[in-house]
Every structure is written in structure tokens, then in C-alpha cells.
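None of the figures in this text is laboratory data; all of them are computed from the coordinates on show. Everything quoted here is computed from the prediction, not taken from an experiment. Don't worry about glycine lacking a Cβ; one is built from the backbone with ideal geometry, like all the others, and counts go over all protein chains shown.
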């Protein structure tokens, strides 16, 4: 997303969209219309440097180009924090796993812990399965489902300009970075585009089978995910979560987290936040940690070090 943001600030939203389409067209011609150019990358696991993590990334997808560039630096602070929480957890649950960067980094570093990844999009799901097999991560399983309160199959809305992305929330605009395209305008210009797929769902209450650490990246549906886990959150089975929030959702997420016994901090500064916070950008990761826990004390120390 940072790549798109930087381009947008230089050239404007529509020009960025055109540039992205041009880039895709170049690759599409190269791979005879398959809209995929998969390569394997390898880099040291940021949690256990003597082990190499291998990932299959599709360079025709803009978010995976970002994985390709950053490798072990991608969300490094978030991953280090999750690893601290995993020392006392039984499970890691990765909701919106994409191709499995979080899930596989944790699975490789904690081979005695169970990792469950949820990814509803078929292309991402297939890459994630390939990545699990390539890394021989026998402790990592993937489910092609979304986490939700729905209790049934639902529509998952595809974001055509954020490749590999989508949400359970019906969009008014398609976004990637600073780029925004009106949904109706896009669909008129691309009549063959299928705007949604049907996906199976499960509640977070059923996914948490023991003391767990959770990561949530669901493009605006984070409140529904958290509500689906209200019981396990209230019971104390989850101590730490990394949640991607948007300006439209952050207040409700922070309020719900407070209700179930969590404090929330803005990444990467570890700034303590409450209802009414303004995000520096329209989307940001926050860390939610159980109040008065050892992990919260660690986060306050990180905050102090960051400010100093």
C-alpha cells in the first residue's frame, strides 16, 4: 500500500490507477493473458534468522509486489510483537491471511504451536497452500472461509484495483493506497467484472480453541470479525491482537475492545488511543492488548523507548 500511496502523492489518483493498469497489461501480455507471474522469493525469517522463509508471490498483483520488495521488513514491528505474545499462547490465528506472510513467519518460528489461517479468496488460498507445503509448515493449516457473525455463506466483494483484496462490506469506492475509483463507474467500464463471490463463514468464537494471539486484516469488516469472537475475548482466551483498522471503523473497534477488556495502541508509535482518534492515513494497524497484562506492560515500555 505504501508503494501506491507514494505514487499517488506524485501523480494523482487517476494517473496512478492508469499506471497500475498499464503495469498489469504489460505482465498480462508476457504471460499470455493469465494475469499471473509467480516467482519464489526466499529470505531469513525475522524471528529466527537461521531459517529461510520461502514465498510464492504473484508480481501481477500490486500488494504482492510490496511483499517482494520488503520481504523480512514487511510489518516487522507487528510480527516481533506477535512473537512476544506467542511465548505464552497455544495458537496463532491469521484472519485475512493473503499468501501467509504472518502465518508462515509465526509457524516456522514456533513449530510446537498451532497456526490457523483464514483466507476466502481462491488465488490467495492456493498460494498460501503452496507456501505452507514449500516451507513444510506442518503446524499451519488454512481454511478457505471468512470470519463473521453471519453464520452462513455470504457475499465477499472483490476489490479489482487492490489485487488479492476484498471485503464482506459492500464498497462505495474501490481503494488501494490513495487511489479511489467509484464502484459504479468501474463496473460500467468493465462489464465482465464479477463484483462478488459467495464464501463460507465461521465465527471467531469457534476458531479460538485455546489461548490465542490473533491478527486481523479484513478491509473494513474488522468490527464484525471481533463481534463474532465476543465470548472468547470476554473470557480472556485472547491476550493480544494486531488489527488493521480504517478511519471509518477505528472508533467502534476501540470501543468494543475496551468493553471486552483491551487497551488499544496505534502502530508503530505505540500511542495509546481512545474513541475519537484521527488516523495518520485512512488505514493503519493497531495493537489491542489485554488490560493489566504482562504484554501491556511490555507495550508501555516500547512506547517509552519509541518516544525517547
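Structure values in brief
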| item | result |
| --- | --- |
| Tail weight of P(r) past 16 Å, computed on alpha-carbon pairs of segment 53-154, percent | 57 |
| Pairwise Cα inverse-distance average, inverted: Kirkwood Rh of segment 152-223 (Å) | 13.9 |
| Convex hull volume per residue for segment 60-104, taking Cα atoms only, in Å³ | 73 |
| The chain: radius of gyration and largest Cα-Cα distance (Dmax), Å | 18.8, 56 |
| On Cα atoms only, tilt of 122-134 relative to the major axis of the chain in degrees | 60 |
| Residue 73 versus residue 282: modelled label distance in nm, points set 7 Å from Cα along the beta carbon direction | 2.6 |
| Rh by Kirkwood over Cα pairs, then Stokes-Einstein D for segment 185-308 at 1.567 mPa s and 4 °C, µm²/s | 82 |
| Approximate spin-label separation residue 80-residue 303, in nm, with each point projected 7 Å along Cα-to-Cβ | 1.8 |
| All-pairs alpha carbon distance profile, segment 114-271, 5 Å steps from 0, percent | 2, 8, 16, 19, 19, 17, 12, 5, 2, 0 |
| Linear extension gain, residue 292 paired with residue 143, 0.36 nm per residue minus alpha-carbon span | 50.3 nm |
